[in-house]
Amino acid sequence: MFKIGVYTAESVNRSKSLFGRSRTVSLGLLRPGAQPIDGEFFQGVIRGLRLSDRVYRTTFPHRFASLDPQVNELIVGRLASSAAITVHDWAASDVLAAVEWAGTLKNVFPRLSFCASDKLFGLIEAFRDDAESYIFEPDGTPLQYTSAPFVIALREPEAAVYPVNRWLARRASRRAEGFRSIVPQLKWSSVTDDSVIERDGWQFRQILLIHPVSQRYLRENPWFGVNIHSVFDPTTERINVIRSMNIFNTAYFSSEQLTRGVRAVFSSLCLGGLWIVGKTDVFIGTDAQVTIWEARERGFAPLLRIGSGSEIDDLVQRTFRE
């Protein structure tokens, strides 16, 4: 038995197989110029996208609609509206939630400088024709193989009931190893550069993972930017406010990794700076579990807990007692 994938724009919203199993959606549908890409189509393609570090990219409009006003009220109470403030949104995924939040802050802080960051904002597609292609993370990690009508996920095992898919996955994984040394060496001028690079008989292009609404916002607002950044690394500048939602989760990282992340946030904030950390349920505007911390000389002090607070609250406090 076998399962075909979703490799045409017309079938993006029909992502279930005959037996109700999820069909893999080709990320190549987001390639530049493939077809007009609106928000609904974009979300349909990246729904369920999971990177090699196990972090999902799934998001949706207005995800923090109930959270943002509470956060903004606290910020407004602590910073003068005339101040030139810097706000970063870490692990910003497709940047849509950052855009929605930044717009509300800009109304209050005219001198706002806002940066949305993530470990990557694009993937790399290797292709010889549009019927066969590989999708890689920028470091060369293979994520997906497409040979129409098959779309094969290379980071998740195919179900045993689909032996054809499992055979294709094994073959594609072996062939993908040949690209591991090539992909990291490829350089584009920016994350939005849509030029094609040729190497060893293959062509390579970027697949942008920034929401269409966010792409337009970036073009129209010079005070708003994006940056490649890991949540485990401190920034070179001191920041007034950092938000890191749905990333510092115990399901994703070990205690040692989370501790490193906490220290990176602390080293990035100015004295008195605010850190918004926590997660939300998959449903819009519900079940936010968030803690807002203030950076002090010797560590963080909690200012506000929403719901039950962040699941790493105890770890945050232990980090600076040790």
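The values are calculated or read from the model by the stated rules, or taken from the named source; none is laboratory data. Nothing here was measured: the structure is a model prediction, and the numbers come from that model. Here the Cβ is made from the backbone with ideal geometry for all residues, glycine too, and neighbour counts use every protein chain on show. For accessibility, only protein heavy atoms count, side chains too; no ligands or nucleic acids. Shrake-Rupley method; radii C 1.70, N 1.55, O 1.52, S 1.80 Å.
The table for this structure:
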quantity	calculated
Dipole-positive endmost among Leu112, Ala172, Ile85 within the chain (Cβ charges, Cα centre)	Ala172
Under Karplus coefficients 6.51, -1.76 and 1.60, residue-wise ³J(HN,Hα) of the range 108-115 in Hz, glycine/proline x	9, 10, x, 9, 5, 10, 10, 10
Loop trypsin sites (Lys or Arg not before Pro), the range 173-211 (other Cβ atoms within 10 Å of the site Cβ: 14 or fewer; DSSP)	Arg180, Lys187
Spatial separation of Cα centroids for the range 202-216 and the range 79-111, in angstrom	23
Val226 long-range amide H proximity, modeled H, under 5 Å	Ala116
Estimated vicinal HN-Hα couplings, Hz - the range 135-147 in sequence order (Karplus 6.51, -1.76, 1.60; Gly, Pro = x)	10, 10, 6, x, 7, x, 5, x, 10, 7, 10, 10, 9
Rg to Rh quotient for the chain, alpha carbon positions, Kirkwood Rh	0.99
Cα centre as origin, Lys/Arg/Asp/Glu Cβ charges: the range 178-276 dipole, Debye	140
Residue-wise HN-Hα coupling along the range 177-188, computed from phi with Karplus coefficients 6.51, -1.76, 1.60 (Hz; x: Gly, Pro)	4, x, 8, 4, 8, 7, 4, x, 7, 6, 10, 10
Under 5 Å, built H, 5+ apart or other chain: amide partners of Ser22	Ser17
By accessible area with a 1.4 Å probe, ligands and nucleic acids excluded, highest first: order of Met245, Met1	Met1, Met245
Protein accessible area in the chain, 1.4 Å probe - carbon and sulfur %	50
Residues of the chain: accessible area per residue with a 1.4 Å probe, Å²	47
Other-chain or far-sequence residues with amide H under 5 Å of Leu269's (modelled H)	Ile239
Loop-located GluC sites (Glu not before Pro) in the range 164-262, at most 13 other Cβ atoms within 10 Å (DSSP)	Glu237
